[in-house]
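To start, the structure under review is shown below, and the notes come after it.
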Amino acid sequence: MTIDSVLPFLKKAKDENKSLGEIMIEHEVEIQGVSRKEILNGMKKIWSYMVNSIKQGVKITKESPSGMSGGNANKLMTYLSKKTKKLSSASVLKIAARAIGIGEFNSSMGVIVAAPTAGSAGVVPAVVYTVAEKLNASEEMIIKGLFASSLIGLVCDARASTSGSEHGCQAEIGVSAAMAAAAAVEIAGGTAEQAVNAAALVLKNTLGLACDPVAGLVEVPCIKRNGLLAVSATVAADMSLAGVQSVIPFDDVVTAMDEIGRMMPCEIKETSEGGLATTKTGLGYKLWLKRSGERQLEGEDEL
Amino acid sequence: MTDESAFRILGPIMTGPSSSHTAGAVRIGRAARLLFGADPQKVFVYFHGSFAETWRGHGSDKAVIGGLLGFKTFDKRIKEAYKYAKKAKMDVILKKIDLGHNYHPNSIKIEIIDEKNPVNLIAESVGGGDIVIREVLGYKIEITGKNVTIILRHQDLMGTLSKITHVISQFEINILSLQSKDLPREGDALTTVEISLSPPAELKTSLDNIEGMKMVRILPRLTEGEEIF
Ligand code: SF4
């Protein structure tokens, strides 16, 4: 059985006057057949790994083995600590830095939580962490936020896909942004309707997004995209809390994502045969990596 | 894990950067270790297809070595696998291989060198960290490692299969699937049995005692301890 619509959960939340996160916790207890405490502990474990990836990511100053990433989260945090005037607010820049940091931690073989995938792992933790920090939210609220986000991911997975190779990056970072928006609304005390609406707002904005990673590595464009879409997700949460409605409801947006995903050519679905991956610069990185890797396997270069 | 679980979307906890090229590679390495059943001393690892091209950026080398050392996909030590391999006195040689078009582009071949009990396998990383073992000791098979799998090579005698199922059921273990095929040249058969529980050590002995049994290998569930529920 899969969950292919948000509607039964929205109805339940409304009828019982509960938040989306609460409804999802009750659902998890039911399907796993274990105690509420065990379920919450499971998510606390997930959260502890997410927090660790945030803390490690912003500290990275070394380049990844490909030379394409590393150190940018740290640059943003340093910029933030300076007294100069910034164009964006401090929390916006922290969200971007933390999401990018997780992406950098991931490409340096750090331990991360796929959310929904490794390439999109930065968005949900960065938004949840920063929003919770700003609102002084308890761990309990954070856990509820994560559970609220899971419904969004599950529906995207059942109705469309959460894989770049099937539906492009709309299905990875697009979905993670939608999940993060719902989590942010939950943590801010919004209703289930508002959480799902926020997810619809930001997901619409990622439809058609190509997956064209340079040299087949989860670095370019993935890492910085985590940062920029994490910011979008947070703004979408604010928009929803302000009463801005998505004209197209969430389920329909996911149907559109599925349709667009099917129409997208396979060159921009993780094959690295188009887009950024086949630009002159992109191909240059690919060739360099392939050559140096092969030389090492043949024992010509030190490992 | 059920399709409806939140932990399918938030998870797994894994060493980056890639579920197929890193997490999958860890499991392939661990599968080889588990089939060998001891600490490997000398290992050849062959990268085929996209592994040969992108292993460096994905850290697939450290991932396989971590697996050979018995690490799980979320183990921090994977990043420093070379250091731990040295400590464990495990010698790993990486090579490139072309297995041909019949193999998935994300395939790895592993040979564990040992006088008494050498192991070799070919496995594919099929996405999301899932793997399929395609060949063990030169025999074509199909094992996902999602359940405990028993691999048996025995003489192709009448009634051997029913003896096998009888022995397993004596341990009150459920059989989930059973596949058997002839190896005509040797006059043997290769049988793989997926079971629901980790068996007690005596199961191996009892299977070994079946007439005409030549090899018994038990591969534990590869995702053991890697999932929240
Ligand atoms: S561009 Fe492709 S590989 Fe990168 S995060 Fe998006 S879907 Fe994943």
Write out the trypsin sites (Lys or Arg not before Pro) in the stretch B:118-164 meeting two conditions: DSSP loop, and at most 16 other Cβ atoms within 10 Å of their Cβ.
B:K146
Quick one: ranking B:F47, A:F9 by accessible area, 1.4 Å probe, largest first, what do you get?
A:F9, B:F47
Residue span A:K62 to A:V244: 0.36 nm per residue of separation minus Cα-Cα distance leaves a gain in nm of 61.3 nm
Which value, in Å² and to the nearest 10, is the accessible area of B:L222 when all protein chains are kept and the probe is 1.4 Å?
0
With θ set to phi - 60° and the Karplus curve 6.51 cos²θ - 1.76 cosθ + 1.60, what are the ³J(HN,Hα) couplings of the stretch A:161-167 in order, to the nearest whole Hz, using x for Gly and Pro?
6, 10, 9, x, 6, 9, 10
At R0 = 22 Å, FRET efficiency that the Cβ-Cβ distance of B:M158 and B:M215 yields, to 0.05
0.65
Between B:I175 and A:K14, what FRET efficiency comes out of the Förster formula 1/(1 + (r/R0)^6) with R0 = 41 Å and r the beta carbon distance, rounded to 0.05?
0.30
Let me see the pair-distance distribution of the stretch B:148-219: every alpha carbon pair, 10 Å bin width, integer percents in order.
20, 60, 18, 1
Cα-Cα longer than 18 Å, checked against A:K94/A:K224; A:K286/B:K76; A:K55/A:K75; A:K286/B:K79, kept in input order, equals A:K286/B:K76; A:K286/B:K79
What are the ³J(HN,Hα) couplings of the stretch A:122-127, residue after residue, when phi is run through the Karplus curve with 6.51, -1.76, 1.60 and θ = phi - 60°? Round to Hz, x for glycine and proline.
x, 5, 4, x, 4, 5
In nm, to one decimal, how far is the A:L276 label point from the B:D98 one, both placed 7 Å along Cα→Cβ?
3.2
Net charge of Cβ neighbours under 15 Å - reference B:N117; Lys, Arg +1; Asp, Glu -1
+2
Phi-derived 3J(HN,Hα) across the stretch B:201-216 with the Karplus relation (6.51, -1.76, 1.60, θ = phi - 60°), rounded Hz, x for Gly and Pro, is 4, 5, 4, 4, 4, 4, 5, 4, 7, 5, 4, x, 6, 10, 8, 10
5 angstrom amide H check on B:I141, placed H, neighbours 5+ away
B:E135, B:V136
Under a 5 Å amide H to amide H cut-off, with H placed in plane at 1.01 Å, what residues pair with A:S69 once short-range neighbours are removed?
A:S64
Please list, ordered by chain and number, the residues whose modelled amide H lies under 5 Å from the amide H of B:L183; skip anything fewer than 5 residues away on the same chain.
B:D188, B:A189, B:L190
What number, in percent, do you get for the relative contact order of the stretch B:74-140 if the mean sequence gap of Cα pairs under 8 Å and at least 6 apart is divided by its residue count?
19
Put a dot 7 Å past each Cα toward the Cβ at B:T165 and A:K83; how far apart are the dots in nm?
8.2
The stretch A:183-240: GluC sites (Glu not before Pro) in DSSP coil with no more than 15 other Cβ atoms inside 10 Å:
none
Relative contact order (percent, whole number), the stretch A:104-256, Cα cutoff 8 Å, 6+ residue spacing
28
Are there GluC sites (Glu not before Pro) in the stretch B:58-138 that DSSP marks as loop and that have at most 14 other Cβ atoms within 10 Å, and which are they?
B:E115
Could you pull the accessible area for B:Y82 with a 1.4 Å probe, rounded to 10 Å²?
80
Once Rh is set to the Kirkwood radius over Cα pairs, what Stokes-Einstein translational diffusion coefficient, in µm²/s, holds for the stretch A:7-302 at a temperature of 10 °C and a viscosity of 1.306 mPa s?
82
Å² per residue, accessible surface of the protein assembly as shown at 1.4 Å
43
Under a Cβ-Cβ cut-off of 9 Å, what is the net charge of the residues other than A:H27 that fall near it, where Lys and Arg count +1 and Asp and Glu count -1?
-3
Rounded to the nearest 500, the 222 nm mean residue ellipticity computed for chain B from DSSP H runs (n ≥ 4, each -39500 (n - 2.57)) alone is -7000 deg cm²/dmol
So what is the calculated 222 nm ellipticity per residue for chain A, using -39500 (n - 2.57) for each DSSP H run with n of 4 or more, over all residues, to the nearest 500 deg cm²/dmol?
-20500 deg cm²/dmol
Pairs of alpha-carbon atoms within less than 8 angstrom and 6+ residues apart define the contacts here; what relative contact order does chain A have, in percent?
20
I want to check the label-to-label distance for A:K44 and A:S138. Put each point 7 Å from Cα in the C-beta direction and report it in nm to one decimal.
1.3
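The values are calculated or read from the model by the stated rules, or taken from the named source; none is laboratory data. Nothing here was measured: the structure is a model prediction, and the numbers come from that model. No Cβ is skipped: glycine too gets one built from the backbone with ideal geometry, and neighbour counts run over all protein chains shown. Just the protein is used for accessible areas: all its heavy atoms, side chains included, with ligands, DNA and RNA removed. Shrake-Rupley method; radii C 1.70, N 1.55, O 1.52, S 1.80 Å.
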